[in-house]
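I have placed the structure first, in the form of structure tokens, so that the comments after it can refer back to it.
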Ligand code: NAD
């Protein structure tokens, strides 16, 4: 079976009701990134950051995967699929994708501030600020803040090196190193980009662009690829 790597961003979850970051109705219009999503913000005002992610988590319990998340699961009938997501939601998991790499963390998990590998599933939406891990240090959201390292970039790069096809969905490709997965992919790979406002900053070879919303564009790409595999 051929290998497919799917890189997803906030746009794939937009039609589920999760706001994106940079669109006109996106989250960054109501918050400053430097107040709630940077390493410095956590050091300066951890309670505010904790509350921000509590609100995001609460909202996640009110939404469901959409047709784009479900379409990607169908690809697994004919391909080895790795979903590399910048999203912190769990909509790929709930749709049924099996192999998911979260580059920027997971909203429903929390971790120790002493040992980053001490990660817990959170029961419910609220992380009460000050709750401690078993080592006695406080728990923080399991999120990669801006200015922090992206530990899952390495497995994502390894998957990309072995890919035969790359599909990029709903990302403004402005956050690195995630965006580099498309730009550094081997030139001969077949690539698809689904985003109503798709813009590529560098020339990319063998790229098919579908300027559609994810729930329309992704099922089309999936159908094409399933037909190709027959
Ligand atoms: P972004 O906000 O920078 O870009 C969103 C992209 O989605 C834009 O290019 C936009 O044109 C596109 N888009 C909007 N509606 C769409 C739709 N219906 N179908 C397809 N595409 C659509 O988001 P990004 O590039 O993912 O930014 C990266 C950061 O945002 C990441 O750090 C990520 O963790 C974070 N984020 C995650 C979530 C989530 O978990 N759902 C939500 C918001 C932001």
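The values are calculated or read from the model by the stated rules, or taken from the named source; none is laboratory data. In this text, all values refer to a predicted model and were calculated from it rather than measured experimentally. With ideal geometry, Cβ positions are generated from the backbone for all residues, glycine too; neighbour counts draw on all protein chains shown.
Could you tell me which residue of region 113-138 is surrounded by the fewest Cβ atoms within 10 Å (Cβ to Cβ), considering only residues that are within 22 Å of the chain's Cα centre (by Cα) and not in a loop (DSSP other than H, G, I, E, B)?
Pass one, region 113-138, residues within 22 Å of the chain's Cα centre (by Cα): 116-127.
Right, trim to not in a loop (DSSP other than H, G, I, E, B) and you get 119-121.
Values: 119: 15, 120: 15, 121: 9.
Result: 121.
Tell me, which residue of region 174-184 that is touching a residue at least 40 places away in the same chain (Cβ under 8 Å) and in contact with a strand residue (DSSP E or B) (Cβ under 9 Å, 6 or more places away or on another chain) is surrounded by the fewest Cβ atoms within 10 Å (Cβ to Cβ)?
175
Report, by residue number, each residue of region 52-73 that is in contact with a helix residue (DSSP H, G or I) (Cβ under 6 Å, 6 or more places away or on another chain) and touching a residue at least 60 places away in the same chain (Cβ under 8 Å). Steps first, answer last, please.
Step one: of region 52-73, the residues in contact with a helix residue (DSSP H, G or I) (Cβ under 6 Å, 6 or more places away or on another chain) are 52, 65-71, 73.
Selection gives 66, 67, 68, 71.
With part of a loop (DSSP other than H, G, I, E, B) and surrounded by fewer than 16 Cβ atoms within 10 Å (Cβ to Cβ) as the only criterion, which of 58, 98 stands out? Steps first, answer last, please.
Numbers: 58 fails: part of a loop (DSSP other than H, G, I, E, B).
The unique qualifying residue is 98.
Checking the condition modelled with pLDDT under 95, more than 16 Å from residue 167 (Cβ to Cβ) and outside any loop (DSSP other than H, G, I, E, B), which residue from 154, 148 passes? If you could, list the steps in order and put the result at the bottom.
Numbers: 148 fails: outside any loop (DSSP other than H, G, I, E, B).
Criteria check complete, one pass: 154.
If you check 49, 36, 83, which single one turns out to be under 17 Å from the mean Cα position of the chain (by Cα) and surrounded by 16 or more Cβ atoms within 10 Å (Cβ to Cβ)?
On the way: 49 fails: under 17 Å from the mean Cα position of the chain (by Cα); 36 fails: under 17 Å from the mean Cα position of the chain (by Cα).
Only one candidate passes the filter, namely 83.
Assess whether residue 190 counts as being under 26 Å from residue 212 (Cβ atoms), loosely packed, with under 14 Cβ neighbours inside 10 Å and modelled with pLDDT of 90 or more.
On the way: under 26 Å from residue 212 (Cβ atoms): yes; loosely packed, with under 14 Cβ neighbours inside 10 Å: no; modelled with pLDDT of 90 or more: yes.
Criteria not met by residue 190.
Confirm whether residue 93 is modelled with pLDDT of 95 or more, over 13 Å from the mean Cα position of the chain (by Cα), in a helix (DSSP H, G or I) and at negative phi.
Values: modelled with pLDDT of 95 or more: yes; over 13 Å from the mean Cα position of the chain (by Cα): no; in a helix (DSSP H, G or I): yes; at negative phi: yes.
No, not satisfied.
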